[in-house]
Amino acid sequence: MSKLETNTIDTISGTNTLQVGDGNVATINLGKSGDTINIPSGATITNSGTANNFGGANTPAFCAYRNYNNGGYQSIPNNSFTKCAFNAEYWDTASEFDPSTNYRWTAGTAGKYVIGTNIIIDNLADGAALLVSIYKNGSAVGTNAQGLNGIVNSSNGNPDQCQVISTINVASGDYFEVYVKHTHGSSRDWRTEYGNVFYAHKLIGV
């Protein structure tokens, strides 16, 4: 193996493309551990291939739901915030969501996260209220009400839906849960065959 020591590599006069590597090259290494690879202002990086371990990813991330076959509908009593028991997951990149005991997500990595939920309750009586809250460490940090002032119109007989989406500063060890409340007058089912989800993903670059 030979070593080339120089300060500048440039194209020959009359050309504007510099090729590093040719038919015998399998891997090209730039720098070594501790070096800084500098891309100056005004320069552009164009990727036409596959980028591995470059630029980061929106993880940790999870998406939980309630599986009817693993517990049926959850009955939500009247006029009392009740924790939603999400008992299954679509994905959980860091295994941080608990689908069996506390039904909560406990963050293992600090940062800014998009956290959201969508809840659908069996059709409520006209004039009832439906509210959904995301709780952080036991206190509400995001609440939304379905319809104007939380008053629903169920004359069409369809289930009623409410969602909350927030961007939240999260410290390692913070935990998050979803609570729902309605004022139907009697218990109503939290329907599981629809799009009931609880999810979060970390933002990068902020």
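A few remarks follow.
- Legend: ranking of residues Ile165, Ile45, Ile121 from fewest to most surrounding C-beta atoms inside 10 Å; resulting order Ile45, Ile165, Ile121.
- Neighbour-count order for Leu4, Leu18, fewest beta carbons within 10 angstrom listed first: Leu4, Leu18
- Here the Karplus curve 6.51 cos²θ - 1.76 cosθ + 1.60, taken at θ = phi - 60°, turns the phi angles of the range 169-174 into couplings of 6, 10, 9, 4, x, 5 Hz, with x standing for Gly and Pro.
- Close amide-amide hydrogen proximity is noted between Ala110 and Ser172, each under 5 Å apart and 5 or more residues distant or on a separate chain (H modeled in the peptide plane; Pro and chain starts excluded).
- In terms of surrounding Cβ atoms within a 10 Å radius of their Cβ, Lys32, Lys136, Lys83, Lys112 rank from fewest to most as Lys32, Lys112, Lys83, Lys136.
- Debye, to nearest 20: dipole size of the chain, +1 on Lys, Arg Cβ, -1 on Asp, Glu Cβ: 340
- The range 1-140, Rg to Rh (Cα coordinates; Rh as Kirkwood inverse mean 1/r): 1.25
- Across the range 61-202, the mean sequence separation of Cα contacts (distance under 8 Å, 6 or more residues apart), normalised by length, yields a relative contact order of 40 percent.
- Coupling constants for the range 68-81 follow from the phi torsions by the Karplus curve (6.51 cos²θ - 1.76 cosθ + 1.60, θ = phi - 60°), and in residue order they are 4, 6, 10, x, x, 5, 9, 7, 10, x, 6, 6, 8, 4 Hz; glycine and proline get x.
- Aspartates and glutamates with Cα under 19 Å of Lys112, excluding same-chain neighbours fewer than 8 positions away: Asp92, Glu96, Asp174, Glu177
- Straight-distance crosslink candidates among lysines, where the alpha carbon sits under 21 Å from Lys3 and sequence neighbours closer than 8 are dropped: Lys32
- Net lengthening on full extension, Asn16/Ser187 (0.36 nm per residue, minus Cα-Cα): 54.2 nm
Coordinate-derived values only; no laboratory data. In this text the structure is predicted, and so the values were computed from the model without any measurement. Heads up, the Cβs are rebuilt from the backbone with ideal geometry, glycines too, and the neighbour counts pull from every protein chain shown.
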